[in-house]
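Student: Before anything else, here's the structure in question.
The values are calculated or read from the model by the stated rules, or taken from the named source; none is laboratory data. If you're wondering where the values come from, they're calculated on a predicted model, not measured in any experiment. Neighbour counts are summed over all protein chains in view; Cβ atoms, including those assigned to glycine, are modelled from backbone coordinates with ideal geometry. In case anyone asks, the SASA skips ligands and DNA or RNA and just uses the protein heavy atoms, side chains included. Shrake-Rupley method; radii C 1.70, N 1.55, O 1.52, S 1.80 Å.
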Amino acid sequence: MHAILFRRRRLALACLNFLAATALGIGSQAAFARATELSGSAKPVIEQFLLAQAGGLPGKVSIRIDTPMSGALPACDALEPFLPSGARVWGRVSVGLRCNDNGSAAPAWTRYVPAYVAVVANYYVAGRPISAGDTLSAADIQPRQGDLSALPRGVVTNPQQAAGMVASNRIALGVPLRLELLRGATVIQQGQSVKVQSQGSGFVVSTEGRAMTNAAAGAAIQVKTQAGQMLSGIARADGSVALPN
């Protein structure tokens with residue numbers, strides 16, 4: 001008799017546990033559906049915002065938006081996306097969503113949604129082992145394609161950024177070229193006699209001077225004139241110096 005009652009109690013307890021688990025599962029599914037729906041309503045707002053921010057980047061941009069860390073987003077009639085100050089628009093980003101006008105008495109809120117912005121484009125690597133001081137030509141660089149957000153900052157994405165530049169350090173074969181590893185070829189040597197030109201509307205004034213430092217094309221340089229005056233200008237590729245207007 002006791003054995004029969006014990007089995008009946010166990011069966012009843014199992015039924016109660018099953019019903020509770022089923023109810024909990026239904027509740028969890030409903031909560032997940034609400035979170036997915038609310039996240040989904042914000043998704044196009046975030047995508048359009050990130051695409052607009054990444055408009056100046058080279059290559060093909062793709063965006064992946066993750067589930068908000070804080071779970072479901074509260075309802076809002078007008079979401080305002082933004083990026084934290086100083087954030088770059090590629091790789092892993094945290095997009096802020098601000099709601100100041102939700103059409104009800106509910107308070108304003110701000111949430112952050114993680115996303116990943118991939119930028120697939122051509123970049124350039126060393127086509128041979130490059131020694132410090134070598135001047136690069138088009139034959140020394142080779143194109144590759146990949147996600148720029150996974151590469152070091154300053155990677156060369158245009159061959160014109162590297163051709164004619166001088167390597168500041170040794171660069172191994174196949175290593176991505178970075179702008180900070182390159183410098184312009186020296187076009188003016190310290191102590192060299194240079195022509196200094198000032199150009200305006202309808203006139204050009206020239207004088208001679210002596211370069212006080214080495215300079216690459218486009219770099220700032222100081223020149224001392226024959227009269228002893230110090231002038232600051234920009235080194236040109238032809239070895240002359242242009243004074244600012």
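Student: So what's the convex hull volume per residue for the Cα atoms of the range 167-245, in Å³? Intermediate results must be reported in sequence, preceding the final value.
Tutor: Working: hull volume 8.6 nm³, N = 79.
In the range 167-245, the Cα convex hull volume per residue is 109 Å³.
Student: Using θ = phi - 60° and the Karplus relation 6.51 cos²θ - 1.76 cosθ + 1.60, list the HN-Hα couplings for the range 78-87 in order, rounded to whole Hz, with x at every Gly or Pro.
Tutor: In residue order, the calculated couplings are 9, 7, 10, x, 7, 10, x, 4, x, 6 Hz.
Student: For LYS195, which lysines qualify as cross-link partners when the Cα separation must be under 29 Å and same-chain residues fewer than eight apart are set aside?
Tutor: Output for LYS195: LYS224.
Student: In addition: For the range 145-204, state what percent of all Cα-Cα pairs lands in each successive 10 Å bin, counting from 0 Å until the bin that includes the largest distance.
Tutor: Spelled out bin by bin, the range 145-204 gives 17, 35, 21, 17, 10, 0 percent.
Student: Let me ask something else. Lys and Arg at +1, Asp and Glu at -1: add these up for the other residues within a Cβ distance under 15 Å of VAL95 and post the number.
Tutor: Overall, the nearby charge balance is +3.
Student: Right, something else. Ignoring ligands, DNA and RNA, please state the percent of accessible area on the range 140-237 from carbon and sulfur, probe 1.4 Å. All intermediate terms of the calculation are to be shown ahead of the outcome.
Tutor: Details: 2670 of 5560 Å².
Carbon and sulfur together cover 48 percent of it.
Student: Related question: Please give the net charge around SER149, taking every other residue with its beta carbon less than 11 angstrom from that of SER149, where Lys and Arg add +1 and Asp and Glu add -1.
Tutor: Values: positive: ARG88, ARG92, ARG153; negative: ASP147.
For residues surrounding SER149, the net value is +2.
Student: Now a separate question. Report, by chain and number, residues whose modeled amide H sits under 5 Å from the one on GLY239, excluding near sequence neighbours (fewer than 5 apart, same chain).
Tutor: Here the answer is none, since no amide H 5 or more places off falls under 5 Å of that of GLY239.
Student: Which of the lysines could a cross-linker span from LYS60 if the Cα-Cα distance has to be under 24 Å and same-chain partners fewer than 8 positions apart are dropped?
Tutor: Of all the lysines, those that pass the test against LYS60 - Cα under 24 Å, at least 8 places apart if same chain - are LYS43.
Student: Rolling a 1.4 Å sphere over the protein heavy atoms, what is the accessible area per residue of the range 155-245, to the nearest Å²? Don't skip to the end; give the middle numbers.
Tutor: On the way: 5170 Å² over 91 residues.
Ligands and nucleic acids excluded, the result is 57 Å² per residue.
Student: Follow-up question, since we're still on this one. Each residue of the range 176-181 in turn: what ³J(HN,Hα) in whole Hz from Karplus with 6.51, -1.76, 1.60 and θ = phi - 60°, glycine and Pro shown as x?
Tutor: These are the phi-based 3J(HN,Hα) values: x, 7, 10, 4, 6, 8 Hz.
Student: Taking N as the number of residues in the range 73-219, what value does Rg over Cα atoms divided by 2.2 N^0.38 Å take? Before the final figure, lay out each step's value.
Tutor: On the way: Rg = 24.6 Å, N = 147, 2.2 N^0.38 = 14.7 Å.
Normalised by 2.2 N^0.38 Å, the Cα Rg of the range 73-219 equals 1.68.
Student: Right, here's the next one. Relative to the present Cα-Cα distance, how much length would full extension add between LYS224 and PHE82 at 0.36 nm per residue of separation?
Tutor: Details: separation 142, 0.36 × 142 = 51.12 nm, distance 5.03 nm.
Difference between extended and current length: 46.1 nm.
Student: What net charge do the residues around ARG210 carry, taking every other residue with its C-beta under 12 Å from that of ARG210, with Lys and Arg at +1 and Asp and Glu at -1? Write down the numbers at each step before the final one.
Tutor: Details: positive: LYS195, LYS224; negative: GLU208.
Summing Lys/Arg as +1 and Asp/Glu as -1 gives +1.
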